[in-house]
Amino acid sequence: MSIVLVVNSGSSSLKYQLVDVAAGEPLAGGLIERIGHADGRASHTVGHGDDAQTFREEVGVPDHDAAFARMLEAFEAHGPSLAEHAPVAVGHRVVQGGARFFEPTVITELVKINIDELSVLAPLHNPANLAGIVAAEHAFPGVPHVAVFDTAFHQTMPPAAYTYAIDRELAEKHRIRRYGFHGTSHRFVSRAAAEFLERPVEELRVIVLHLGNGASACAVSGGRSVETSMGMTPLEGLVMGTRSGDIDPAILLHLERRAGLDADGVDDLLNKRSGILGLGGHGDMRDLEAAAEAGDPDAELALEVYTHRIRAYVGAYAAQLGRVDAIVFTAGVGENSARVRELSLEGLEGFGVELDAERNRMRGSGARRISTDASRTEVLVVPTNEELEIARQALEVVER
Ligand code: ADP
């Protein structure tokens, strides 16, 4: 049996998927939103692809325990039967594993204490992840629960890549260093790219561009992360939907001194009102592209800033890797936006990166090549599947 329940628990949401790992497919999945509010929403999808059937309901869900009860009811009412498809493990997405967790870990009381303690570094995410773990343990008492950390894949980065050039003592005391995020996706996608290229991952040097609402680049050498663009928090690096990515840190001081913003104001500005939203008025790439297409100069500039930053990271990571076998686009924007892919790699022909305009424009659902046959570096689109990766890792741990 290779069925794993994957849980991604936010402060007011619960996302779940029942995954058949052997088949590599979801049996069912769902989303419960607005936990803690009177007007909660639940959706439950049975099957996948064209045959999927979705059931929606409005329900009040006071807390995470109630959300799991709701989820069990949905399985009961719409299937598949959890008695017949009993999960052998529950895999939990946990955002911040700090320097402590470098692999998927069976959840014990001590592990929970550590996840809680790491909330200092991820105040928005870890408490919500932990609430989900505790509620899931109530709902599935006899099953091993496994934490899969967003940061774990990047624990192989060398000190030169993860150390910030600030006072060492202060940095150590407050655990200020680069942790990186989206690790589950970068791991899955770099391996899927190797599979597509029919080459062992150990031989490959790859740059993965995970471009979703959040976005990060990762240099993967021999299957290991050696550098990534998100830092101590998911704010650093690429331009994102609503996050600024890299800026001169002195801008924060300037904003505090001259614009009257306090720490919360800066936090809100850089995390929620910046990125393509702050620049072009749209946090969603589809809307931004449509506005740019219609000639809106702010949207055009936003698209240019977004892709200029990606190109800068591709260049930097090429230099760190020494050789690039493949550049891989993934996540909502990376998988779907031909325009972003084209602008990001524009002018790199001299470095052996040649996009095939026709292949880039063609839509498709699986992994595909979008570079020319002559391109020295392969350019691929590889759909990410974080749920499947979490399920695989959880299963691997319980089968050890
Ligand atoms: P998350 O980081 O929340 O998982 P996704 O990976 O789903 O996000 O990516 C969401 C982003 O993908 C949004 O900005 C959305 O506009 C973008 N996106 C989805 N489909 C397309 C498309 N066809 N063209 C351009 N952008 C797209």
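None of the figures in this text is laboratory data; all of them are computed from the coordinates on show. Everything numeric in this text was worked out from a predicted model, so none of it was measured. Note that we place each Cβ from the backbone using ideal geometry, even for glycine, and neighbour counts take in every protein chain shown.
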Exercise. Considering the zone a paramagnetic label at SER2 would reach in this model (a point 7 Å from Cα along the Cα-to-Cβ line), which residues of region 61-105 have amide N under 18 Å from it?
Worked result: 85-91
Exercise. Ranked from highest to lowest mean number of other Cβ atoms within 10 Å per residue, what is the order of the peptides 102-113, 297-308, 83-94?
Worked result: 83-94, 297-308, 102-113
Exercise. What is the antiparallel percent of DSSP beta bridges lying wholly in the chain, to the nearest 5?
Worked result: 70 percent
Exercise. Does region 152-309 come out rounded, prolate or oblate by the C-alpha gyration tensor, with a ≥ b ≥ c the root eigenvalues, rounded set by a/c under 1.5 and, if not, prolate when a/b is larger than b/c and oblate if not?
Worked result: oblate
For this session: Give me the number: length gained by fully extending SER81 to ALA312, i.e. 0.36 nm times residue separation minus the C-alpha to C-alpha distance, one decimal in nm.
Result: 78.2 nm
For this session: Counting residues in the chain as N, plug N into 2.2 N^0.38 Å and put the Cα Rg over that result.
Result: 0.99
Exercise. What is the calculated FRET efficiency for ARG199 to ARG41, with r their C-beta to C-beta distance and R₀ = 45 Å, to the nearest 0.05?
Worked result: 0.55
Exercise. Which entries in LYS15/LYS173; LYS112/LYS272; LYS15/LYS112 show an alpha-carbon gap greater than 26 Å?
Worked result: LYS15/LYS173; LYS112/LYS272
Exercise. Simple spin-label model, 7 Å along Cα-to-Cβ: ALA319 to ARG400 in nm?
Worked result: 3.8 nm
Exercise. Hull surface divided by four, with the convex hull built on the Cα atoms of region 1-150: how many nm²?
Worked result: 8.8 nm²
Exercise. Where Lys and Arg each count +1 and Asp and Glu each count -1, what net charge lies around GLY47 among other residues with Cβ under 13 Å from its Cβ?
Worked result: -4
Exercise. Given 0.36 nm per residue, what is the gain on full extension from SER12 to ASP167 after removing their alpha carbon distance, in nm?
Worked result: 52.1 nm
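With a Förster radius of 25 Å, plug the Cβ-Cβ distance of THR54 and LYS272 into 1/(1 + (r/R0)^6) and report the FRET value to the nearest 0.05.
0.30
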For this session: Give, to the nearest whole percent, the P(r) tail of region 171-232 beyond 16 angstrom, counting all Cα pairs.
Result: 45 percent
